[in-house]
Amino acid sequence: MKMNSRDIEFKKQVLKIDAEKLVDLPTGLRIVEQAKRQGKRVVWANGCFDILHVGHILYLERAKSLGDILIVGLNSDDSVKVFKGPHRPIVEEMHRAKILTSLRCVDYVIIFSEKSPINLLKALKPHIYVKGGDYSIDTIDQNERRAIENYGGKIVLLPKQEGISTSSIIQKILAMYEK
């Protein structure tokens, strides 16, 4: 389900999400254009961020350290199901957005419902596109890779925190409650 500006505004009020951090594409475009005019470097990271954990936090902090503005693309509930299966996400998108907008290292969040954020990447043209260390340059979405490379953006792969994942947390919880 694609969220329009009115839906986002309503949910911001309900959850008291920082109104300036959860943005739609037109607002994101204005933010990026202004940042670029000011000579600031824009970093993009995206993901599901379901059951936020220390690995996510370290990843986002490292991403932020690569530039001046960190925009996080957040997979909608529907797109998480595509990647993670019918039982995910555990935490619904507006709650995940609230958590992300609460982080000091995250400047903006854009929720996207497509399988890939490629349309957002093509529109925003961030200076740096960050992916986690569970990817390599050959295993990231090659359409995303080409889009970034076509406008001269840089792809940075950040190391993964070994042994820390949402899936491992879920497995630990299930194991603890099965006994």
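Maximal additional length on extending the A123-I170 stretch stands at 13.4 nm, based on 0.36 nm per residue less the C-alpha distance.
Using a Gaussian network for the chain with springs between C-alpha atoms less than 10 Å apart, which of these wobbles most: R30, R145, R41? Maximum fluctuation in the GNM of the chain, among the listed residues, is at R30.
Given the stretch 92-179, report the % of alpha carbon pairs whose separation exceeds 15 Å. Working shown, then result.
On the way: 2735 of 3828 pairs.
Summing the P(r) tail past 15 Å for the stretch 92-179 gives 71 percent.
Legend: residues T166, T27, T139, sorted from most to least accessible area (1.4 Å probe; ligands, DNA and RNA excluded), read T139, T27, T166. Heavy-atom accessible surface of the chain, averaged per residue, reaches 55 Å², computed with a 1.4 Å probe. In the chain the longest region clear of chymotrypsin sites (Phe, Trp or Tyr not before Pro) that are loop-assigned by DSSP and have at most 16 other C-beta atoms within 10 Å covers 1-134. Sort out for me the Cα centre separation of the stretch 116-179 from the stretch 38-90, rounded to whole Å. Each part reduced to its Cα centre gives a spacing of 8 Å. Check V91: other-chain or 5+ apart residues with amide H under 5 Å from its amide H, H built from backbone geometry? Amide H neighbours of V91, under 5 Å, 5+ apart: I51. Counting only protein heavy atoms and a probe of 1.4 Å, the accessible surface of the chain is 53% carbon and sulfur. Can you classify the chain as rounded, prolate or oblate using the Cα gyration tensor, where a ≥ b ≥ c are the square roots of its eigenvalues, rounded means a/c under 1.5, and otherwise it's prolate if a/b beats b/c and oblate if not? In terms of gyration-tensor shape, oblate.
Quick one: longest stretch of the chain between exposed loop GluC sites (Glu not before Pro), exposed meaning at most 16 other C-beta atoms within 10 Å and loop per DSSP?
Between the exposed loop sites, the longest stretch runs 21-91.
Please work out the FRET efficiency for the pair D134 and R41, using the Cβ-Cβ distance as r and a Förster radius of 22 Å; give the result to the nearest 0.05. Efficiency for this residue pair is about 0.35.
The values are calculated or read from the model by the stated rules, or taken from the named source; none is laboratory data. Owing to the predicted nature of the structure, the values given are computational and were not obtained by experimental measurement. When we count neighbours, we look across all protein chains shown, and the Cβ atoms used for this are built from the backbone with ideal geometry, even at glycine. Surface areas here come from the heavy atoms of the whole protein model, side chains and all, with no ligands, DNA or RNA. Shrake-Rupley method; radii C 1.70, N 1.55, O 1.52, S 1.80 Å.
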